[in-house]
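Structure record follows, encoded as structure tokens.
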Amino acid sequence: MLRSLLRERWIAVVVLLLAANAAILLLSIMIGEFPIPAAEAWKSVFGLGDPAYHFVVNELRFPRSLVAFLVGCGLALSGAILQGLTRNPLAAPGVVGINGGAAAFAVTAIVVFPAMPIAWLPFTAFAGALAAAALTYVLAWRRGSSPMRMLLVGIGIAASTSAYITFWVTSRDIQSVKQAMLWLMGSTYGRTWEHFWPLLPWLLVLYPASLAMARRLDVLKLGDELAIGLGSAVERSRGLLLLICVSLSGAAVAMAGTIGFVGLMGPHIARQLVGESSARLLTVSALAGGLIVMSADLLGRAIAPPIEVPAGIITAAIGAPYLIYLLYRNRKPAK
């Protein structure tokens, strides 16, 4: 009976989040410096209606909103996996250096190789995220990988990558770093189908892969000793899950820059809605993350048109107080 109720609740939550994402997607197509009526916006997605709206919808706003959705899905999925791996509700790809590694490699590529095709950027960012994760894993190893050591080492890696990025930004001429600076603020401005199609396969492969590892993630949440007692290959499972986490984060950061706090907020929202079961949590986290980034992008365009506030600034403005709230809520009394 309880399982049936939980399943019904999970289905209801997924349907509501899908509807909310669809509504924000439609609003994102409608709202802007050139307003478009809802009916015309919907028709233009399918190439129908007034041809005057087709370019704005199908070449500018629609692909940009889809990129924002995929980026949010990737960051929130990555955060949900990382929180399970570290057994820490405050863990997120941006906190432990994964996003920083991706950003460091991507900024280097943008500044040093400005003519590099955009399709190569996810692989560059993935290499950076993988390097940061591998370094974290190696430095945290002491007869096994401890989640707490991984978290502490990751914070140090994040600080190091931030210093590296600052070095590049301050040591090059202003023209060469302008694009990198805009990218570092975290924005979907100017994102088109050229950005959407390279990002889509990463989510199509990594989302099912994360679901396939959901049961192992649930076992790891119980602690290493109990997981080993249940017959789980702890280090192998942790390594595979970390690879999925790195890939999701690297691909998302490559296409939209460092949009912070999504990997923190998405899983927490999902946890409040469907509980701790990873199979349900991962799906709802992805939908919540997509909703967060699309909403931030829409809000950034609607605050003071024609000026656009980057989505990363909006998520930081919301996420920083949310982090403080989580720290307050999870405080432990002194003994």
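The values are calculated or read from the model by the stated rules, or taken from the named source; none is laboratory data. Given the structure is predicted, the values throughout are model-derived calculations rather than measurements. Backbone-built Cβ (ideal geometry, glycine too); neighbour counts: all protein chains shown. Calculation scope for accessible area: heavy atoms of the full protein, side chains included, ligands and nucleic acids excluded. Shrake-Rupley method; radii C 1.70, N 1.55, O 1.52, S 1.80 Å.
Which one is surrounded by the most Cβ atoms within 10 Å (Cβ to Cβ) among residues in segment 88-102 that are outside any helix (DSSP H, G or I) and either of a type in the set (Gly, Ala, Ser) or modelled with pLDDT of 85 or more (or both)?
ALA92
Considering only segment 294-309, state which residues are under 24 Å from LEU18 (Cα atoms) and either charged (D, E, K, R) or outside any helix (DSSP H, G or I) (or both). Working first, answer last.
Going through segment 294-309, the residues under 24 Å from LEU18 (Cα atoms) turn out to be 294-302.
Result: ASP297, ARG301.
Check LEU18, LEU85, LEU70 and return the single one that is farther than 19 Å from ARG191 by Cβ, modelled with pLDDT of 85 or more and buried (at least 21 other Cβ atoms within 10 Å of the Cβ). First the steps, then the outcome.
Numbers: LEU18 fails: buried (at least 21 other Cβ atoms within 10 Å of the Cβ); LEU70 fails: farther than 19 Å from ARG191 by Cβ.
LEU85 is the lone residue from the list that is farther than 19 Å from ARG191 by Cβ, modelled with pLDDT of 85 or more and buried (at least 21 other Cβ atoms within 10 Å of the Cβ).
Considering only residues that are buried (at least 17 other Cβ atoms within 10 Å of the Cβ), in contact (Cβ under 8 Å) with a residue 60 or more places away in the chain and assigned to a helix (DSSP H, G or I), which ones fall in segment 24-45?
Hits for segment 24-45 are ILE24, LEU25, SER28.
Tell me, please, whether a residue that is modelled with pLDDT of 80 or more and open to solvent by less than 10 Å² (accessible area, probe 1.4 Å) can be found in segment 170-185.
no
Filter segment 244-264 down to the residues that are over 18 Å from ALA104 (Cα atoms) and aliphatic (A, V, I, L, M), then identify the one that is surrounded by the fewest Cβ atoms within 10 Å (Cβ to Cβ).
The selected residue is ILE244.
Between a first residue in segment 218-239 that is polar (S, T, N, Q) and a second residue that is assigned to a helix (DSSP H, G or I) and open to solvent by 70 Å² or more (accessible area, probe 1.4 Å), which pairs have beta carbons less than 7 Å apart while being 6 or more apart in sequence or on different chains?
SER232/ARG216; SER237/ARG216
Scan segment 88-109 and report the pairs whose first residue is farther than 11 Å from THR258 by Cα and whose second residue is among the charged types (D, E, K, R) and open to solvent by less than 20 Å² (accessible area, probe 1.4 Å), with Cβ atoms within less than 9 Å and a gap of 6+ or a chain change.
From residues that are farther than 11 Å from THR258 by Cα, there are no pairs.
Of the residues LEU241, LEU226, LEU200, which is within 22 Å of VAL71 (Cβ to Cβ), in a helix (DSSP H, G or I), open to solvent by 20 Å² or more (accessible area, probe 1.4 Å) and touching a helix residue (DSSP H, G or I) at 6+ places or on another chain (Cβ under 9 Å)?
Step by step, each of LEU241, LEU226, LEU200 is checked, and only LEU200 is within 22 Å of VAL71 (Cβ to Cβ), in a helix (DSSP H, G or I), open to solvent by 20 Å² or more (accessible area, probe 1.4 Å) and touching a helix residue (DSSP H, G or I) at 6+ places or on another chain (Cβ under 9 Å).
Can you give me the number of residues within segment 46-74 that are farther than 30 Å from LEU152 by Cβ and assigned to a helix (DSSP H, G or I)?
Number satisfying all stated conditions: 20.
Of the conditions (1) in contact (Cβ under 8 Å) with a residue 24 or more places away in the chain; (2) in a loop (DSSP other than H, G, I, E, B), LEU77 satisfies every one except a single condition; which number is it?
Just one mismatch for LEU77, condition (2).
Each row is one residue, and each column tells you yes or no for (1) surrounded by 24 or more Cβ atoms within 10 Å (Cβ to Cβ); (2) assigned to a loop (DSSP other than H, G, I, E, B).
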| residue | (1), (2) |
| --- | --- |
| ARG216 | no, no |
| LEU222 | no, yes |
| LEU281 | yes, no |
| ILE292 | yes, no |
| TYR322 | no, no |
